[in-house]
Amino acid sequence: MKKVGVLAFANIHTGGVLQYTQTLIEALNEGSGENYKLVVFTFKDCTFDSGNAEVRVVKKPNTGYFKKSIIMAQLFFNLKKKWGLSKDEILKFNGIDLFFNPTISLYPNFYLNTPFIFTLHDFQERYYPKNFSKVDRITRWLMKKTLSNSAQHIICESNYVKEDILNFLRTEESMVSVVPSPPVKLFSDFCFYKNEASKVKLKYSLPDQYIFYPAQFWIHKNHIRLIHAFSELIKKNPELHLVITGVKENNYWRVIETIKLLNVEDKVLHLGYVDQKNLPYIYKMSKLLVMPTLFESISVPIYEAFSIGVPVCSSNVVALPEQTNGGALLFNPKDTKDIENKIQKVLSDSSLQEELIRRGRLVIDNLDNNKYAASIIKIVLKFLK
């Protein structure tokens with residue numbers, strides 16, 4: 001039987017790619033056994049529910065200066081050689097007929113010269129080059145160009161990103177499929193239990209009234225403007241809190257400085273990395289999800305909020321209007337007053353809350369897990385020869 005390998009190397013530092021990878025594994029498990037055998041590759045510190053799939057744990061590759069030089073040379077000259085792989089790595093990856101890579105990575109599919117499909121999430125470096133070093137921008141360009149030239153197929157999650165792929169990479173349109181990813185089954189199958197909700201509330205010391213923003217502390221996530229808008233919101237809503245998540249990296253300390261400067265320390269609760277099984281309850285007990293990001297191809301938290309009936313207030317950038325499709329109240333993420341006004345509008349209007357929940361449900365109903373699995377499996381089978 002043919003074998004499909006999913007390269008599940010995302011972790012808590014990679015943002016929404018972690019959830020995307022889990023959903024992908026769940027989808028491919030639906031076709032496993034009858035059409036192919038699914039093999040999930042992961043590092044020791046990565047945790048995925050792999051279902052019935054075979055799991056192969058791989059040691060993280062050495063990324064020293066010498067090896068990086070070899071990788072850059074292979075990128076530049078399009079050399080598909082195993083030079084940078086150890087004998088153990090080659091053995092672990094042996095026997096795979098088609099790799100599915102949910103990230104922009106050459107490892108190991110490119111070096112093994114094995115057929116692969118990959119997901120291209122966005123071209124943020126083109127829109128916000130100041131967020132990346134020159135070396136990072138060049139590397140990203142080389143990797144995306146190399147992967148697109150070598151892949152069997154490219155998956156993206158919005159028409160906006162598809163147009164970017166066609167324009168920036170000059171890829172043939174037939175090479176690209178738009179397949180939005182629904183939330184993991186933890187959200188789609190969620191049932192609310194009051195006793196469990198009380199435990200989660202106690203565990204994280206959650207306030208009675210809060211708005212929720214789950215995101216890593218990357219600059220484009222726009223925490224700073226959100227904090228400024230929130231500092232004005234609490235003047236009208238003194239019981240309101242802001243709950244945020246994410247590991248203490250990247251722009252985290254600037255966010256903390258802003259919180260202190262605006263004297264809202266007692267109103268902002270940082271949960272760090274949240275246990276996934278608790279996350280739906282944190283959504284459900286919130287007043288709304290706010291998504292103030294400056295750049296997003298597809299926002300996983302928006303779909304998560306839609307799936308369990310939480311109102312969404314979101315920025316109007318990139319593919320978010322396409323994704324929300326009327327299910328969220330949109331604002332200009334660079335205008336703190338607009339962020340404040342739109343959140344206040346949702347907070348103060350119960351009928352608007354109900355309408356947003358209804359529209360969000362319509363969006364997510366057209367993106368159920370079974371339809372997604374069927375779309376992904378169809379693409380895989382097309383190239384599994």
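The values are calculated or read from the model by the stated rules, or taken from the named source; none is laboratory data. Being a predicted model, the structure only gives us computed values, none of them experimental. FYI the Cβ positions are ideal-geometry reconstructions off the backbone, even for glycines, and counts take in every protein chain you see. These accessible areas exclude ligands, DNA and RNA; they are computed on the full protein's heavy atoms, side chains included. Shrake-Rupley method; radii C 1.70, N 1.55, O 1.52, S 1.80 Å.
I'd like the Kirkwood hydrodynamic radius of region 67-141, using the inverse of the mean 1/r over distinct C-alpha pairs, in Å.
13.9
Mind listing the Cα extents of region 1-150 along all three principal axes, in Å, largest one first?
Sorted from largest, the Cα extents of region 1-150 read 45, 32, 28 Å.
What is the set of long-range amide H partners of residue 222 at a cut-off below 5 Å, with H atoms built 1.01 Å from backbone N?
Here 294 satisfy the definition.
Please give the direction-averaged projected area of the C-alpha convex hull for the chain, in square nanometres with one decimal.
Over every viewing direction, the Cα hull of the chain projects on average to 18.9 nm².
If the cut-off is a Cα-Cα distance under 29 Å, which lysines reach residue 199, setting aside same-chain residues fewer than 8 apart in sequence?
Partners found: 185, 248, 267, 277, 284, 287.
If you roll a 1.4 Å probe over the heavy atoms of the protein chains, what accessible area per residue do you get for region 233-279, in Å²?
56
Excluding same-chain residues fewer than 8 positions from residue 92, which lysines have a Cα within less than 17 Å of its Cα?
List returned: 2, 3, 37, 44, 59, 60, 81, 82.
If you count only protein heavy atoms and use a 1.4 Å probe, how large is the accessible surface of residue 298, to the nearest 10 Å²?
Using a 1.4 Å probe on the heavy atoms, I get roughly 20 Å².
With a 1.4 Å probe and all protein chains in place, put 144, 2 in order of accessible area, largest first. Could the numbers behind the result be given before it?
On the way: 144 5, 2 80 Å².
Ranked from most to least accessible, the order is 2, 144.
Of all alpha-carbon pairs in region 220-328, indicate the percentage at a distance above 20 angstrom.
When all Cα pairs of region 220-328 are counted, 43 percent exceed 20 Å.
Using modelled amide H (1.01 Å from N, peptide plane; none on Pro or chain starts), what sits under 5 Å from the amide H of residue 247, excluding residues fewer than 5 places away?
So residue 247 has HN proximity to 217.
Arrange the residues 318, 312 by how much accessible surface each exposes, largest first, with a 1.4 angstrom probe. Could the numbers behind the result be given before it?
Values: 318 35, 312 0 Å².
Largest accessible area first, the list is 318, 312.
Ranked by accessible surface with a 1.4 Å probe, highest first, in what order do 4, 55 come?
55, 4
Round to the nearest 10 and give me the degree value, 0 to 90, for the angle of helix 369-383's Cα axis relative to the longest principal axis of the chain.
20
What do you get for Rg/Rh over region 177-242 if you use C-alpha atoms and the Kirkwood form of Rh?
We get a ratio of 1.07 for region 177-242.
In the chain, what percent of the accessible surface is made up of carbon and sulfur (1.4 Å probe, ligands and nucleic acids excluded)?
Carbon-and-sulfur percentage of accessible area, whole number: 51.
Does anyone have the angle between helix 336-348 and the longest principal axis of the chain? Alpha-carbon axes, 0 to 90°, nearest 10?
70
How big is the C-alpha Rg of region 1-41 next to the rule-of-thumb value 2.2 N^0.38 Å, as a ratio?
Scaled against compact globular proteins, the figure is 1.23.
Taking the Cα centre of the chain as origin, sum charge times position over the Cβ atoms of Lys and Arg (+1) and Asp and Glu (-1), and report the length of that vector in debye to the nearest 20.
Computed about the Cα centre, the dipole is about 1220 debye.
Could you give me the radius of gyration and the Dmax of region 342-385, taking only the C-alpha atoms into account and expressing both in angstrom?
Here Rg and the maximum Cα pair distance are 17.9, 56 Å.
Please state the shape class of region 292-385: rounded when a/c is under 1.5, otherwise prolate if a/b exceeds b/c and oblate if not, all from the C-alpha gyration tensor.
In terms of gyration-tensor shape, oblate.
Kindly report, to the nearest 10 Å², the accessible surface of residue 365 as traced by a 1.4 Å probe over protein heavy atoms only.
80
On C-alpha positions alone, give me the angle between the axis of helix 159-169 and the longest principal axis of the chain, in degrees, nearest 10.
Helix 159-169 sits at roughly 40 degrees to that axis.
Got a sec to turn the phi values of region 304-315 into Karplus ³J(HN,Hα) couplings, 6.51 cos²θ - 1.76 cosθ + 1.60 with θ = phi - 60°, whole Hz, x for Gly and Pro?
5, 5, 4, 5, 10, x, 10, x, 10, 10, 9, 5
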